[in-house]
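First comes the structure, then the notes that go with it.
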Amino acid sequence: MIRRGEAKQQEYATAAGRLYSGELAGDQPQTGSSSEVVARIKATAAGFGARAKQQGSHFYQASLKTAASTAEGIKRLALGEPLQALCRTELTTHPCPQLMLACCTALVSGGGVGEQRIFKHNPPQELVDKLAATAGSLTLLSPGASPHAVAALLKQFLLGLPEPLLTYRLLPQWVAAGDQPDSCRSLLHQLPAANAWTLRLLMQTCHYINEQAATNEMDSQALAEVLAPCLAWKPPPKPQGGTAPPWQGIAKGIANLTSSPVSAGSDGAAATAAGTESGSATEAGLVSTAVGVTENVSGVSVTSQQELHKVTPLDEAELEAVVTVLEHMISNYNNVFVL
């Protein structure tokens with residue numbers, strides 16, 4: 001605004017000089033007394049002044065309108081309805097586990113997106129245990145938390161869900177989408193709201209990580225490969241007799257995580273996990289977690305003391321298809337989720 005005013009003043013000064021020399025009225029100098037020249041200069045200056053005042057008023061009114069619109073938008077967000085009603089609305093329209101939100105926020109704002117081999121390098125298991133022990137009572141993770149521990153905790157949470165984030169029901173469609181990754185947009189609309197918003201948050205975080213792939217060595221392909229085993233696995237075999245236990249989805253996964261932190265296991269399992277990197281999809285192996293049993297999937301140890309929870313990895317071709325879809329969602333996040 002200030003620079004524009006200075007430019008206008010320069011324009012007016014130049015015009016006034018040209019008027020004085022007679023250039024505004026033609027190529028020939030103006031004739032007449034000096035008083036007439038001064039009068040013309042004053043009249044021209046007055047016209048320029050009126051125009052400047054009009055334009056300044058226009059800019060001022062526009063700025064007031066923008067400020068009022070912004071204030072009104074904030075007012076609608078804050079005062080449009082009671083806080084409890086706002087929370088209920090957000091829970092319905094944008095449901096997402098607090099732990100996922102805290103982990104992704106810590107990674108994005110805490111420098112985790114630039115950390116080398118994030119999501120692939122495994123920190124010492126005791127760091128993840130300590131973080132998991134307090135995660136259930138925190139709305140935000142500690143600023144000093146290791147980004148690698150945060151990423152490991154996030155993967156642990158996903159693996160602890162009774163049903164994968166991509167769901168058993170849609171698994172065939174996700175695999176088929178490997179041939180046409182663009183079709184993933186229609187699958188997103190078929191996911192439960194909590195699954196869809198959690199997946200979107202995770203993919204957005206991965207999108208930011210991918211933007212710094214030159215620094216962190218984790219491009220969209222590497223991220224998809226390390227996260228695919230945490231997002232999709234084979235459904236368990238149907239029980240012989242009786243009915244299958246009712247899965248409670250994401251809410252139950254949070255309960256399992258916060259009530260039973262990750263166990264380092266016995267016989268040096270923590271020492272094996274410390275400082276290692278998660279293997280490829282074919283190295284993920286079978287997880288069978290029950291009381292006192294700890295196995296390893298995608299570099300994350302998972303222990304549940306509540307019930308049997310089996311994770312059977314996808315076949316190589318199935319996993320490759322899911323990796324293709326995830327890579328597409330990460331590298332084309334804005335087109336898939338925003339547009």
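The values are calculated or read from the model by the stated rules, or taken from the named source; none is laboratory data. Note that the structure is predicted; figures quoted are calculated from it, not measured. With ideal geometry, Cβ positions are generated from the backbone for all residues, glycine too; neighbour counts draw on all protein chains shown. Remember, those area values only see protein heavy atoms, side chains included, never the ligands or the DNA or RNA. Shrake-Rupley method; radii C 1.70, N 1.55, O 1.52, S 1.80 Å.
Hey, can you tell me all the residues within segment 217-244 that are more than 19 Å from Ala106 (Cα to Cα) and either acidic (Asp, Glu) or in a helix (DSSP H, G or I) (or both)?
So the first thing to find is which residues in segment 217-244 are more than 19 Å from Ala106 (Cα to Cα), and the list is 217, 219-222, 224-226, 228-244.
Result: Glu217, Asp219, Ser220, Gln221, Ala222, Ala224, Glu225, Val226, Ala228, Pro229, Cys230, Leu231.
Please give the number of the condition Pro172 fails out of (1) assigned to a helix (DSSP H, G or I); (2) over 13 Å from Leu99 (Cβ atoms); (3) open to solvent by less than 10 Å² (accessible area, probe 1.4 Å).
(3)
Do you know which of the residues in segment 133-157 that are of a type in the set (A, V, I, L, M) and touching a Pro at 6+ places or on another chain (Cβ under 8 Å) is nearest to Phe119 (Cα to Cα)?
Per the stated criteria, the residue is Ala152.
When the residues of segment 91-101 are narrowed to those that are touching a helix residue (DSSP H, G or I) at 6+ places or on another chain (Cβ under 7 Å) and either free of Cβ contacts under 8 Å to residues at least 40 places away in the same chain or of a type outside the set (A, V, I, L, M) (or both), which ends up nearest to Ala145 (Cα to Cα)? Talk me through it step by step, then tell me what you get.
Quick first cut of segment 91-101, residues touching a helix residue (DSSP H, G or I) at 6+ places or on another chain (Cβ under 7 Å) only: 94-97, 99-101.
With either free of Cβ contacts under 8 Å to residues at least 40 places away in the same chain or of a type outside the set (A, V, I, L, M) (or both) added as a condition, the list becomes 94-97.
Details: His94: 26, Pro95: 25, Cys96: 21, Pro97: 19 Å.
If we take residues in segment 91-101 being touching a helix residue (DSSP H, G or I) at 6+ places or on another chain (Cβ under 7 Å) and either free of Cβ contacts under 8 Å to residues at least 40 places away in the same chain or of a type outside the set (A, V, I, L, M) (or both), then Pro97 is nearest to Ala145 (Cα to Cα).
Mind telling me which of the residues Gly285, Gly178, Gly279 ends up being at pLDDT 95 or above and not in a helix (DSSP H, G or I)?
On the way: Gly285 fails: at pLDDT 95 or above; Gly279 fails: at pLDDT 95 or above.
Answer to the check: Gly178.
What is the number of the single condition among (1) within 18 Å of Val323 (Cα to Cα); (2) open to solvent by 30 Å² or more (accessible area, probe 1.4 Å); (3) assigned to a helix (DSSP H, G or I) that Ala214 does not meet?
Status for Ala214: all satisfied but (1).
Which of the residues belonging to segment 201-217 are more than 16 Å from the chain's Cα centre (by Cα) and touching a residue at least 60 places away in the same chain (Cβ under 8 Å)?
Selection gives Thr215, Asn216, Glu217.
State all residues of segment 95-123 that are open to solvent by 50 Å² or more (accessible area, probe 1.4 Å) and in a helix (DSSP H, G or I); if no residue qualifies, say none.
Gln98, Leu101, Thr105, Val108, Ser109
Hey, any hits in segment 191-209 for a residue that's buried (at least 22 other Cβ atoms within 10 Å of the Cβ) and farther than 21 Å from His94 by Cα?
Yes.
Please give the number of the condition Pro162 fails out of (1) in a loop (DSSP other than H, G, I, E, B); (2) more than 21 Å from Gln98 (Cα to Cα).
Looking at each condition in turn, Pro162 falls short on (2).
Can you give me the number of residues within segment 136-151 that are out of contact with any Lys or Arg (no Cβ under 9 Å at 6 or more places or on another chain), in a helix (DSSP H, G or I) and open to solvent by 10 Å² or more (accessible area, probe 1.4 Å)?
Total meeting the criteria: 1.
Among the residues of segment 124-135, what is the count of those that are part of a helix (DSSP H, G or I) and open to solvent by 30 Å² or more (accessible area, probe 1.4 Å)? It would help to see each step written out before you state the result.
Here is the first cut: in segment 124-135, the residues part of a helix (DSSP H, G or I) are 125-135.
Remaining after also requiring open to solvent by 30 Å² or more (accessible area, probe 1.4 Å): 126-127, 129-130, 133-134.
Adding up the residues that qualify gives 6.
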